[in-house]
Amino acid sequence: MTPLPACCTPLDAHWPLPDPLPGTVFLSTRFDPTLLAQGDFLRCAVLPPASIQRSVAKRQAEFLAGRLCARAALQQLDHMDCVPAIGDDRAPVWPAHISGSITHSTGHAAAIVGHKAQWRGLGMDLENVLSLERAERLAGEILTADELQRMASVPREQIALVVTLTFSVKESLFKALYPIVQKRFYFEHAEVVEWSASGRVRLRLLTDLSEEWCHGKELVGQFAVDGEQLLSLVAISA
């Protein structure tokens, strides 16, 4: 095993969401950009792309932390020694038989991988929970008209959660579906139909992405809030 840099905590395999996904490997780490040292990429045998080499310490640390989670997850899943590159579309490039997702938010990175024979798509997103003020300001950009209408009946203290969850789970949906449909889509192209405090969420497509993934198709996701952060996951089984 490649040693971890001082900026990352030991990799954690604890499953943080309501429903475990059989056949997947999930790993997370906490990272501190102020502890990133020169030469950490080299010592960890992670080749940073030019865009990362030119970026600030925070971006470098989150990239390194996410890639270390991904490489270790692939090693556990399939004994592969592989660091996913960044594709032309900015998404990680996984081995052909693997579905995977990498995410990071302030000081926290995670990756999940599985075999495509079992999971066609895996999308995971970590977000800092928005402040109420920011959530109310951003709601119109993130939520559809129907979602805004449903939010109107939610107690005001839940609005920050609703907007953060809607943003995050739509990001996860995109990460899970984009590799399958190879077509970009945006916040207005899906809606959260319902969610529960137990961490389950139902989504509906509002656009045609392919013959199979068409307007009205529903998918399920899950989420968990830990402190100030929300993690969401959309998994599409084979």
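Points to keep in mind about this one:
- Among the candidates G121, G140, G114, the residue that is assigned to a helix (DSSP H, G or I) and on the phi < 0 side of the Ramachandran plot is uniquely G140.
- Among residues of segment 1-60, those that are at pLDDT 95 or above, under 23 Å from the mean Cα position of the chain (by Cα) and in a helix (DSSP H, G or I), counted: 6
- Among the residues making up segment 30-78, a single one is crowded, with 21+ Cβ neighbours inside 10 Å, touching a helix residue (DSSP H, G or I) at 6+ places or on another chain (Cβ under 8 Å) and of a type in the set (G, A, S): A61.
- Scan segment 183-225 for residues that are aromatic (F, W, Y) and either in contact with a Gly (Cβ under 6 Å, 6 or more places away or on another chain) or touching a residue at least 40 places away in the same chain (Cβ under 8 Å) (or both) and the total you get is 2.
- Considering each residue of segment 79-86 in turn, at least one proves to be in contact (Cβ under 8 Å) with a residue 12 or more places away in the chain, of a type outside the set (A, V, I, L, M), surrounded by fewer than 19 Cβ atoms within 10 Å (Cβ to Cβ) and assigned to a loop (DSSP other than H, G, I, E, B).
- Beta carbons closer than 9 Å, at least 6 apart along the sequence or on distinct chains, pair a first residue in segment 130-149 that is in the same structural domain as A190 (by TED's automatic domain parsing) and in contact (Cβ under 8 Å) with a residue 24 or more places away in the chain with a second that is of a type in the set (G, A, S) and outside any helix (DSSP H, G or I) for T144/A190.
- Whether a residue is in contact with a helix residue (DSSP H, G or I) (Cβ under 8 Å, 6 or more places away or on another chain) and on the phi < 0 side of the Ramachandran plot was assessed, and F174 does not pass this test.
The values are calculated or read from the model by the stated rules, or taken from the named source; none is laboratory data. A quick note: this is a predicted structure, and the numbers were derived from the prediction, not measured. Note: ideal-geometry Cβ built from the backbone for every residue, glycine included; neighbour counts use all protein chains shown.
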